[in-house]
Every structure is written in structure tokens, then in C-alpha cells.
Amino acid sequence: MKKRNRSYLFLGRAHQGIKVCLLLAGLGLTSLPAKAQNLILNGNFSSGTNNFSSDYVYVTGADSAMPEGTYSVVTKASDVHSYWGNYFDRTSGNSSGKYFIANASANTTQTVWQSNLLRVASPGTAYRFEAYLMSIYPAENNYPRLSFEIGNGSTWTSMGQTTTLNSSSRGSWIFTYADGVFGSAGDFYVRLKNSNGADGGNDLGLDDIYFGLRTSASSSGSTPGLSTGSLTTLNPSSVPEPSAFSLLVVGIGGWIVLRRARRKAIRGLKDNG
Ligand SMILES: [Ca+2]
């Protein structure tokens, strides 16, 4: 009688165990992303000034962007500069969206916009860095010339230049991108840098930035993309990962803590006994 109860209990537990396993497997499956995605956080600027950096000075309020070398995240360019247009963002096209604007500096060493840290996990596969640009000054004649760069935050490798802007970009979003294949996996930042040193004009809007697998880009298949065979292989400087030595120190530390806990437990058992 007792034996039968035990086996029933065992079967019951095993059954519960299987259920838990299935539940965990289910949770694991549902939490996996459907496909690779945009590695850029806040690329559409819906979260305002979060998840990116700039060498320019952040400003907000009426005419706050009059000095060059300033940036803001706005609903309309005219919110921060009375000479600029009443242009909406590219994501929504109406007053519910936001985008990045800059009164670009004549100092071409400065970073206009720099991403969060990005993990390139698939070497040998085409990646795309894309952005939409707009000239926000209706009388613009000195158009910004931006370059796509990738690196570790101090050493940078060029991925290419953005599309040349002209009068058709005044108040209109222009799609621009650079493709590349990576020689090895690593952690990187991407950035946009302006190489037009003009004082006047040189004012830009920026929205819907993407970096990730080219096949997952929203522009994939609908643009004059380069063929896979002619892509440049990039070997940029990556952000160093924690060294083997520091991992070893953490490992030894953990082992000592475990050993102390075990000794304490054995001492406790002896004292009780
Ligand atoms: Ca936007």
C-alpha cells in the first residue's frame, strides 16, 4: 500500500516536472525574437534624447538653435529656430512624431549623432547603416555632407558618405545608407559626422536611423542596393570585451565564497550534532 502511494507520488511529481519543462520551453520559444532587428535604440527619436550622444550642445525652446553646434529633438524644426520650416518627422509625418535637428558646426571633427553600443554578431553577412535626412532651412544653399562611421568610440572606420543633398531635400526626407560586411564579430558604435565646414546654413534633420542585417532593413529590396559580391569588408576597431584575467578573478572570488559557505554549513551541522 505504502509502495503504491510512493510510485503514484513519483509519477505525479514527474508529470509536474514535464509540465514545468514544457512551460519553460514555451516561454523560451515565445521570448525569442521573430527576426533580427534594428540594433539602434530610439532610432526614430520617439524617446526624445535617450540612447544617443552628440558633440553638439543640446538646446530647447524658441530660437535656442540659433548658435551653430547645437542640436535638439523636435516636433517641427521651427520649434527651435524661427527661420526653419514647419516640417514634421519622417516616422509619422504629423505632430505625433519627433526627430533630431542640428545647426551643424564648422568644426568638422565633432560627432553629430552617435549610437548606443551595438553587437555585430554575424561576420561575413551584409549589414546596413541607414538614415533619413532633410534640409530644414527653406533657403538652404550650404547642404550638410554626412559620413557613416563605425568604431570603438575613439578609432573610426568610414562606411561611406550619405547621399548628396540639394534643393529637393528642403522639407523632404531623403533616404541614404551605407552597406558593409564585417571581417569578425564585435561590439561597436556607429556615428554620423558632418564634413561641410560652412558657417551659414548646414542645418539638418535626421530620423529613422537603422543599423543591422541588410535583409532586415526596412529599405531592403526597395532601394538601389549594392550587389552582395561588391560589398566592402570592414575591420573596424571594436570595444574590448572583459579580459580573461578579470573573468578569472571573478571566478576565483565566486569559488572562495562557495567554499566559505560550505564550511559554515558543515560547522553548523557539527554544532547541532
Ligand atoms: Ca521620428
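Tell me the Kirkwood radius of region 69-171: reciprocal of the mean inverse pair distance over distinct alpha-carbon atoms, in Å. Walk me through the numbers before you get to the answer.
Values: mean 1/r = 0.0644 Å⁻¹.
Roughly 15.5 Å, rounded to one decimal.
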Given 37 °C and 0.692 mPa s, how large is the Stokes-Einstein diffusion coefficient of region 57-234 in µm²/s, with Rh as the Kirkwood radius over Cα pairs?
197 µm²/s
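Values in this text are rule-based calculations from the coordinates and carry no lab data. All of these numbers come straight from a predicted model, not from anything done at the bench.
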